[in-house]
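Peer 1: The structure that follows is given in the form of structure tokens.
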Amino acid sequence: MASSRLRVAVIGAGSAGLCSARHILSRPLAFDLPVVFEATSQVGGTWVYMEEPENVENTHSSMYRDLKTNLPKEVMEFPDFSFNPSLPSFIHHSEVLKYLEEYTDKFSIRPCIKFNTCVVSVYPVPGNQERASWWVVSTTHGEEVVEKFDAVMVCVGHYSHPYIPDIEGMKDFQGQVLHSHFYRFPEVFSSRSVVLLGSGPSGVDIAMELSAHAKHVILSHRGPPLNWSPPENVSMAPPVIRAAHDGLIFENGIKVEADTLIFCTGYKYHYPFFLPRTGISNGQVMERKDVLDWGFLDGEDIENPDQGKGHLPPLYKRLIHARYPTLGFIGACKIVIPFPLVHCQAQFFLEVLEGKCPLPPTEQMLSESRKELVEHRRAGLPLKYLHRLGEKQWEYAQSLADTASFQPLAPVLAKLYEATREFRNSNPLMYRKLNFTILDREDFEMRTDLKDE
Ligand code: FAD
């Protein structure tokens, strides 16, 4: 007799894919063993450091050599698996990779992973969209395999395809140009004048690393003035708006000579396996374009969300495809605590698949996701920020837990996250000296040795 258990494909073995597999494995009555497709030979995704990055297609991770986490381990960890308590709160990236490897073994995920296997195509089996099953095409060392699944969890991350803004005259600039995705260590910039465009976590961190080696570092950004004193050879400037062969011009008209421009301008969503692929019949191509289509109605007041650039489909609750609810996107949110949040999203999605958490009608899910996009666009924000949550993440995580009836995140996480954010904004050079201990679900203790530095 055919099994009535659901067969789920998980794409990616980074933290989101591992967490999805862990929760599938914990529900053996409802789900078959998951199949986790991982393009590389290792688990860990972003946390696998690659010393010599290649081109975009072959460089998944943007970890740099000396990166330490920008969140304390007490906030980062999955609620059901702790970091080694003897580690400090802010840890080197290699400790996070070790932690994810331990998580993989603790929950017996490794046997479910197909390593060196890249998913190249995903498309729905024609029929009922609400309960669609999926064809997943993958390649292992050039050999192509097609498999059918009842559901797919897309866990491919969103820090691998650099976003680079158009800057007038860029092709004339004679200096070195790179994206922070390819930055690894500061020594190679010794005695150079470097401009970094963007003051997010990577921009600030890399500026601080460079300051010990470069001649001069300019942090060019649109945000409010920074409320901390940078090292002497670091200065601030408004955004770069033009390039000339010998330098860069800022929005205030000032031009500087520069040897290097580093774009710290973030990343695009990238789901190439939903794009039409040669060799697929016309009917299937139509179905697959449909997966990325937001379904805007004639006359709706919104420009096309430009699937070509972002490939971002309409998501209900920022994780379930509004038209194909058997397709989940785990970990698409930004400015969040990634591990605990995917822990919530994975559980929510599996409850839905099991039929324990009913969804609204398709039209309602589509219209809610469209409304979100319209409001976002009207606020003048780019598509890549659509799922930026920040302080909204707590209410979001709580609503997932309430709707699908699982243990919500401990309130102390929000408090600790906000405390870290405040310290980081006021003292990006020192905040990693702090150490925290969680006392209970509501409270934490903080120790500081800031005076030592
Ligand atoms: P990823 O880790 O990117 O994993 C995706 C996996 O999918 C990869 O293994 C990839 O090989 C695989 N894959 C992709 N496409 C395919 C395909 N077609 N077929 C098969 N496999 C595929 N978070 C924190 O909590 N604390 C921090 O301090 C922190 N610092 C960060 C610093 C940097 C520089 C960056 C870029 C991110 C940082 N993050 C931090 C966020 C970090 O990205 C998340 O913590 C988390 O690792 C994301 O996991 P993921 O599984 O969603 O994606």
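The values are calculated or read from the model by the stated rules, or taken from the named source; none is laboratory data. All of these numbers come straight from a predicted model, not from anything done at the bench. Methodologically, a virtual Cβ is constructed for each residue, glycine included, from the backbone with ideal geometry; neighbour enumeration extends over all protein chains shown.
Peer 1: Among the residues of segment 4-44, which ones are of a type in the set (S, T, N, Q), closer than 23 Å to residue 332 by Cβ and away from the ligand (no atom under 14 Å from the Cβ)?
Peer 2: 26
Peer 1: What are the residues in segment 198-217 that are away from the ligand (no atom under 16 Å from the Cβ) and in contact with a Leu (Cβ under 7 Å, 6 or more places away or on another chain), if any?
Peer 2: Of everything in segment 198-217, just one residue is away from the ligand (no atom under 16 Å from the Cβ) and in contact with a Leu (Cβ under 7 Å, 6 or more places away or on another chain), namely 217.
Peer 1: When you look at residue 56, is it surrounded by fewer than 21 Cβ atoms within 10 Å (Cβ to Cβ), free of Cβ contacts under 8 Å to residues at least 60 places away in the same chain and within 17 Å of the chain's Cα centre (by Cα), yes or no?
Peer 2: It is false that residue 56 is surrounded by fewer than 21 Cβ atoms within 10 Å (Cβ to Cβ), free of Cβ contacts under 8 Å to residues at least 60 places away in the same chain and within 17 Å of the chain's Cα centre (by Cα).
Peer 1: Follow-up question, since we're still on this one. Considering only residues that are crowded, with 20+ Cβ neighbours inside 10 Å and either in a helix (DSSP H, G or I) or of a type outside the set (Gly, Ala, Ser) (or both), which ones fall in segment 220-233?
Peer 2: Within segment 220-233, just 221 meets the criteria.
Peer 1: Given (1) touching an Asp or Glu at 6+ places or on another chain (Cβ under 8 Å); (2) of a type in the set (Val, Ile, Thr); (3) under 30 Å from residue 325 (Cβ atoms), where does residue 119 come up short, assuming only one miss?
Peer 2: Here residue 119 meets the rest and fails (1).
Peer 1: Can you tell me which residue among 433, 415, 392, 384 is at pLDDT below 90 and of a type in the set (D, E, K, R)?
Peer 2: That would be 384, the only listed residue that is at pLDDT below 90 and of a type in the set (D, E, K, R).
Peer 1: I would also like to ask the following. Among the residues of segment 140-186, which ones are in contact with a Leu (Cβ under 7 Å, 6 or more places away or on another chain), within 16 Å of the ligand (Cβ to nearest atom) and of a type outside the set (Val, Ile, Thr)?
Peer 2: 186
Peer 1: Scan segment 67-85 and tell me whether some residue there is more than 9 Å from the ligand (Cβ to nearest atom) and of a type in the set (Ser, Thr, Tyr).
Peer 2: yes
Peer 1: Another question, then. In segment 47-82, which residue that is of a type in the set (Asp, Glu) and at pLDDT 95 or above is farthest from residue 201 (Cα to Cα)?
Peer 2: 80
Peer 1: Name the residues in segment 352-373 that are buried (at least 20 other Cβ atoms within 10 Å of the Cβ) and either within 16 Å of the ligand (Cβ to nearest atom) or modelled with pLDDT of 95 or more (or both), would you?
Peer 2: 352, 353, 365
Peer 1: Tally up the residues in segment 385-432 that are among the small types (Gly, Ala, Ser), assigned to a helix (DSSP H, G or I) and closer than 30 Å to residue 320 by Cβ, please.
Peer 2: 6
Peer 1: Right, next: Please indicate, with yes or no, whether at least one residue in segment 111-120 is under 29 Å from residue 434 (Cα atoms), of a type outside the set (Phe, Trp, Tyr) and near the ligand (Cβ under 9 Å from one of its atoms).
Peer 2: Looking through segment 111-120, none of the residues is under 29 Å from residue 434 (Cα atoms), of a type outside the set (Phe, Trp, Tyr) and near the ligand (Cβ under 9 Å from one of its atoms).
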